[in-house]
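Quick note: the coordinates plus some simple rules give every number you see, no bench work behind them. Computed from a predicted model, the values in this text were never measured in an experiment. We place every Cβ from the backbone using ideal geometry, glycine too, and count neighbours over all the protein chains shown.
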Amino acid sequence: MFIQTEDTPNPNSIKFLPGKDVCPERPMNFKSKDGCAESPLAQELFKIQHIDAVFFGKDFVTITKEESAEWGKIKSEILLSLMDFFSAGNDIILKKKQGSKASDTEDNKVISEIKEIIEQKVRPAVAQDGGDIIFHSFQNGIVRLELHGACSGCPSSTITLKSGIENMLKHYVPEVDSVEAVEGDVT
């Protein structure tokens, strides 16, 4: 098995491409060893020292290291863990009872437009850089978005958020006044 890697705009994150689906249903973000009980793969990756976060996209894994760690010391260990895991054919996410995270019944036309623009125009672009942006809320003209994977903590994320996403949303949805990042988990 061959796993490709790509640098991301965030120097503390690398995107790993195993050449197969990782989490095609929905993105998942893990920020600690304690919060990854539903993913055997995330559990394995957090066994590696200096791993700060693990993000699963549709067909990639983004690993964020601690600021003080050097990639040269942990990248090969990450690659080995990923190869072993995928070669064994283990489940990435354990099956659990079905349930929805949030109800979309409160969605109105503006929120639907915002979500559609994010789905169609924003998420595919940031996924190329090993991250994801998820709609969190819209209130009083402010769109709040969760940044995950390489986007979380990326030095250029503020510029992307304000200059790119905010301008795009203002253009298509006049009710939008600004865009902010919020802390959140997709898991």
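By DSSP, the beta bridges lying fully in the chain are antiparallel in about 85 percent of cases.
Remark: the Cα gyration tensor places the range 53-99 in the oblate category, a/c being 1.5 or greater and a/b not exceeding b/c. By DSSP, the beta bridges lying fully in the range 128-187 are antiparallel in about 60 percent of cases. Here the chain is treated with +1 on each Lys and Arg Cβ and -1 on each Asp and Glu Cβ, and its dipole about the Cα centre works out to around 260 debye. Across the chain, the volume of the C-alpha convex hull divided among the residues equals 114 Å³ per residue.
Histogrammed with a bin width of 10 Å, the alpha carbon distances of the range 1-100 distribute as 15, 54, 27, 4, 0 percent, first bin at zero.
With a Förster radius of 41 Å applied to the beta-carbon distance between residue 95 and residue 7, the computed FRET efficiency rounds to 0.75. Between the Cα long axis of helix 71-88 and the first principal axis of the chain there is an angle of about 80°, rounded to the nearest 10. Restricting the calculation to Cα atoms, the range 121-164 yields a radius of gyration followed by a Dmax of 10.3, 31 Å. Shown in residue order for the range 134-140 are the 3J(HN,Hα) couplings computed by the Karplus curve 6.51 cos²θ - 1.76 cosθ + 1.60 at θ = phi - 60°: 10, 4, 10, 6, 9, 8, 6 Hz (x for Gly and Pro).
Can you flag which of 75/121; 95/115; 65/95; 121/162 are past 21 Å Cα-Cα? Where the Cα-Cα span goes over 21 Å, the pairs concerned are 75/121; 95/115; 65/95. Tell me, which longest segment in the chain has none of the trypsin sites (Lys or Arg not before Pro) that fall in DSSP loops with at most 13 further Cβ atoms within 10 Å? Value returned for the longest uninterrupted segment is 102-187.
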